[in-house]
Structures are given as C-alpha cells and as structure tokens.
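Each remark here refers to the structure printed beneath this line.
What follows is calculated from the coordinates using simple rules that are stated; it is not laboratory data. The model shown is predicted, which means the values in this text are computed figures rather than measured ones. Counting neighbours? That spans all protein chains shown, and the Cβs are built from the backbone with ideal geometry, glycine included.
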Amino acid sequence: MPSQLTSTKTIVPGTILRTGLALGCLLSPAVGCGLIGVEPDEIDVLDGDTSGASEGPGGSDTGGSDGESATGDGDPSNGDGDGDPATGDGDGDATGDGDGDATGDGDGDGDTTGDGDGDDSPCDQLEVTAAVEGDNLVDIPDTIGLLTTECGADGPEQLFLYTAAAPATVDFVFTPDADVVASVYLLDLSCDPAAPLACVTTPDAAQLMMEQGQSVYVVVDSPAGALTGSLTISSN
C-alpha cells in the first residue's frame with residue numbers, strides 16, 4: 001500500500017490570491033494588475049467604507065456634499081453651482097439667461113419690460129396706463145414733474161403704454177380741457193427722456209411709424225399743476 005506523504009509547508013494567507021492575480025496579470029495585463037499586493041481584507045475598502053461605492057468629484061460616495069450625482073452644486077450633472085437643472089448658466093433659474101429671474105430679459109429685476117441692465121428706468125416712478133386707439137382720458141394730478149425732455153413742459157406727467165395692433169403710422173394728439181400748451185412725447189421701453197422717438201407741443205400730433213406688436217410709452221406733460229383732457233390715438 002503506497003505510503004501517504006504529509007506536507008509541512010505553511011500556506012501564508014493571501015498567497016493564493018496574490019499568486020492568482022499575478023498569473024492573471026501575466027496572461028492579461030489589463031485585468032487585475034492594479035490589485036497586486038493588496039491584502040484580501042483591504043478589497044472594497046480603499047475609500048474608507050465597506051460599501052464598494054466609488055467616490056465622485058464632490059468628495060463623497062454620491063459625488064458631492066449635496067446628495068446629487070457627481071457635481072456637488074445642488075443640481076444634477078451640470079456642475080455649475082447654481083442649483084437649477086441643466087442650464088449651466090449659474091443663475092438659479094431655468095431660463096438660461098444668467099439673471100436669476102424667470103422673465104428672460106437678463107436684468108434680474110423681475111419685471112417684463114426688459115432693458116437688460118437691472119436698474120430702474122425713469123418710467124418706473126410713474127403709474128402706467130394702457131392706451132388704446134381712440135380717446136383716452138388724461139387726468140394729471142397736481143404733483144411735481146419727474147421726466148425732462150427737449151420739448152417737455154415743466155409740470156407733472158401722465159404715462160401711457162401703447163402697443164400697435166398692426167404695422168401703421170400712428171398719431172398721438174392731446175387735447176387739454178384748459179387753454180394751455182402741453183407736451184406729448186414718445187419713448188421706447190428703455191424710457192430715456194433724453195432720446196424721445198417724437199416730441200411735440202399741443203395741438204400738434206406726435207407721429208411714429210410702428211411695427212405690429214411694438215410698444216411705446218406716451219407721455220402727456222402738463223405745463224404746471226393738474227390738467228385733464230383727452231389723448232386721441234389713430235393709425236393709418
């Protein structure tokens with residue numbers, strides 16, 4: 001009966017694993033090479049936890065301190081730090097204009113007039129009345145004047161906003177109830193009194209060629225104190 005040989009060689013823990021990995025590296029360098037010399041109890045804990053999750057660039061296993069994927073900025077995937085999804089503009093709203101409000105005019109002031117510079121225009125000091133074709137009631141209170149232009153009067157003003165329904169030449173005529181000389185002038189939506197589109201004194205008509213959908217401010221300016229009358233708008 002053959003005698004049974006007993007080996008006295010001691011197998012060091014991890015030797016088989018390292019040997020297998022080394023052999024795999026020789027046969028296929030792209031597989032397993034990075035783990036040579038890593039003890040078995042170190043596998044899956046290279047980043048300090050036992051979950052096996054890989055770290056994202058945000059510094060935690062979910063890719064950032066915000067709990068989102070990979071960016072750490074509060075929104076998913078774009079990495080711009082603004083907290084809104086996917087626009088990459090850093091403003092915190094979804095319009096992609098960089099202003100932080102939803103109007104999309106780029107100025108961040110939250111209104112829809114949209115001159116893009118973020119400051120108040122002179123027209124913001126006055127209440128705006130919507131104007132229509134035909135007669136519009138003018139009722140200027142006895143206050144101080146806030147706008148100054150090349151042909152404007154010295155008194156207070158009433159501000160109208162008119163939008164053309166179709167391409168046309170539009171006439172704006174103010175007829176005061178009192179026997180005074182008042183002013184009428186037109187401003188674009190930037191409301192710069194130093195650059196009126198048209199400026200006349202009564203009884204002349206302020207005239208402007210307008211495109212469909214174009215809007216202008218119409219300022220009726222009293223020479224002094226309160227003034228009433230009618231602003232007539234006609235197109236041809």
Relative counts (whole %) of C-alpha pair distances in the stretch 134-226, using bins that are 10 Å wide: 17, 53, 26, 4
Ordering of 217-230, 189-202 by packing [mean C-beta count within 10 Å, highest first]: 217-230, 189-202
